[in-house]
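The values are calculated or read from the model by the stated rules, or taken from the named source; none is laboratory data. Computed from a predicted model, the values in this text were never measured in an experiment. Because the Cβ atoms are built from the backbone with ideal geometry, glycine has one as well, and the counts that use them run over all protein chains shown.
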């Protein structure tokens, strides 16, 4: 499967791994599974590993994903989502996704180049790598 996920109930954390190749349908199907999963608590934290991605998401895929999330906005209220991406184009598109999700849903989303920094941020031990940008407006 192109996108897999697991839920750590004790931490209230969603872990996602995005494969090298994926379709819009696979992204939407995975997100629907996450939304409908009763094990996922309100106000969860999420980390998604995009380090295997070969081709970044398209802008239309970002729009479609955020639209689905908006339809289920109650599931994303108060969510902190860390996205890890090591390829520049994918990193850039994840920043677009982060901006759209923050505006549309009020989520706190940050993109990182490595998992340890992403986990530090999720655990409240590090500032968002985008804090300086936000301060500039």
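General observations
- Residue within the stretch 24-36 that is touching a helix residue (DSSP H, G or I) at 6+ places or on another chain (Cβ under 7 Å), under 24 Å from residue 123 (Cα atoms) and touching a residue at least 12 places away in the same chain (Cβ under 8 Å) present: yes
- Between 125, 75, the distinction of being more than 22 Å from residue 19 (Cα to Cα), at pLDDT below 95 and under 14 Å from the mean Cα position of the chain (by Cα) belongs to 75 only.
- Matching option when the condition is farther than 24 Å from residue 7 by Cβ and either at pLDDT below 95 or assigned to a helix (DSSP H, G or I) (or both), among 101, 118, 89: 89
- Matching residues in the stretch 105-117 - criterion: being touching a residue at least 12 places away in the same chain (Cβ under 8 Å) and either more than 18 Å from residue 78 (Cβ to Cβ) or under 11 Å from the mean Cα position of the chain (by Cα) (or both): 107, 108, 109, 110, 111, 112, 113, 114, 115, 117
- Among the criteria (1) modelled with pLDDT of 95 or more; (2) surrounded by 19 or more Cβ atoms within 10 Å (Cβ to Cβ); (3) in contact with a strand residue (DSSP E or B) (Cβ under 8 Å, 6 or more places away or on another chain), the one residue 27 does not fulfil is (1).
- Those residues of the stretch 48-61 which are over 17 Å from residue 35 (Cα atoms), under 14 Å from the mean Cα position of the chain (by Cα) and not in a loop (DSSP other than H, G, I, E, B), in sequence order: 49, 61
- In the stretch 104-115, the residue that is nearest to residue 63 (Cα to Cα) out of those that are in a loop (DSSP other than H, G, I, E, B) and in contact with a strand residue (DSSP E or B) (Cβ under 9 Å, 6 or more places away or on another chain) is 107.
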